[in-house]
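J.: Take a look at this one; I'll ask things after.
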């Protein structure tokens, strides 16, 4: 039987020779996190019922859990809404010279309406093109399916401080390289129930949400999401679309992330450490 975790671990790192210290130091082996492009292709039925294909995104990612990354991206961008919308997710095309397959095709079921113009929201909200914050929030409102304002999920403040250390313990590639972001799904007892790593913080969260999508386990109303870096607008919108009421970040939130949390009834926690944290929105969910 193939050990999938071992395969992912091998794909996720590369070995290089490094010189530690000055010119007289000897060369030693070191590992760094792999960064490779991933193209996401969509297979769907066009207006005449014929199967069509379209390349919809290329992202730089750490190989591993690519299928989850693809469907997580499609879900958080509103292209798919239910597990039944997706029939097959598979790598396609010839391997790259390093042996990796860097193309994923997601086949949609016949009858699934494809609104490719939704992807325009992704491009303008994640670029520096001058679109105002209000327009970005309005776009997220279109994406949202779950009303998080009445969700009563709550966690004890004494539990929160242990979560960053627990997430690091789940990061096998970070332990080797120190070069990856992570997103973790935690329950209200403080258990990390799932975790994903990637060089891109948004990719790590798409992988995490994609894993739950494939298990038909959305929305995430009984869980919280922990991110290893800062809380950006993009991460908050993905969590909101997945129906997650609590987002905690080891780093700082952005202003638009706070505004999004306030508008959509999400609890946003920043600067999470062992003995302290800030709650920027919906503090009633932190006991």
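Readers should treat all values here as calculations from the given coordinates under stated rules, not as data from a laboratory. Note that this is a predicted model, so its numbers are computed, not measured. Cβ coordinates were reconstructed from backbone atoms using ideal geometry, including for glycine residues, and neighbour counts include every protein chain displayed.
J.: First check a/c for segment 134-285, with a ≥ b ≥ c the square roots of the eigenvalues of its C-alpha gyration tensor; if it is under 1.5, answer rounded, and if not, answer prolate when a/b is larger than b/c or oblate otherwise.
T.: rounded
J.: Kindly work out what percent of the DSSP beta bridges joining two residues of segment 36-122 are antiparallel, to the nearest 5.
T.: 75
J.: Run the numbers for residue 215 and residue 284: contour at 0.36 nm per residue of separation, minus the present Cα-Cα distance, in nm.
T.: The span from residue 215 to residue 284 would gain 21.8 nm if fully extended.
J.: When the chain is fully extended, how far beyond the present Cα-Cα distance does residue 96 get from residue 276, taking 0.36 nm per residue of separation?
T.: Stretched out fully, the residue 96 to residue 276 stretch lengthens by 60.2 nm.
J.: Another question about this same structure. At 0.36 nm per residue, and after removing the present C-alpha to C-alpha distance, how many nm does the segment from residue 193 to residue 156 gain when stretched out fully?
T.: Residue separation times 0.36 nm, minus the Cα-Cα distance, leaves 11.6 nm.
J.: Which FRET efficiency, nearest 0.05, do residue 82 and residue 170 yield, Cβ-Cβ r, R0 25 Å?
T.: The value I calculate is 0.30.
J.: Could you compute Rg(Cα) / (2.2 N^0.38 Å) for segment 36-122, with N its residue count?
T.: 1.07
J.: Have a look at the DSSP beta bridges in segment 134-285 and tell me what percent are antiparallel, nearest 5.
T.: Counting DSSP beta bridges with both partners in segment 134-285, the antiparallel share is about 60 percent.
J.: Separate question: Using 1/(1 + (r/R0)^6) with R0 = 45 angstrom and r between the beta carbons of residue 45 and residue 263, what's the FRET efficiency to the nearest 0.05?
T.: 0.80
J.: If packing is taken as the average number of other Cβ atoms within 10 Å across a peptide's residues, how do 225-238, 143-156, 247-260 rank, most packed first?
T.: So the order, starting with the most tightly packed, is 225-238, 247-260, 143-156.
J.: How would you rank 275, 198, 46, going from fewest to most other Cβ atoms within 10 Å of each one's own Cβ?
T.: 275, 46, 198
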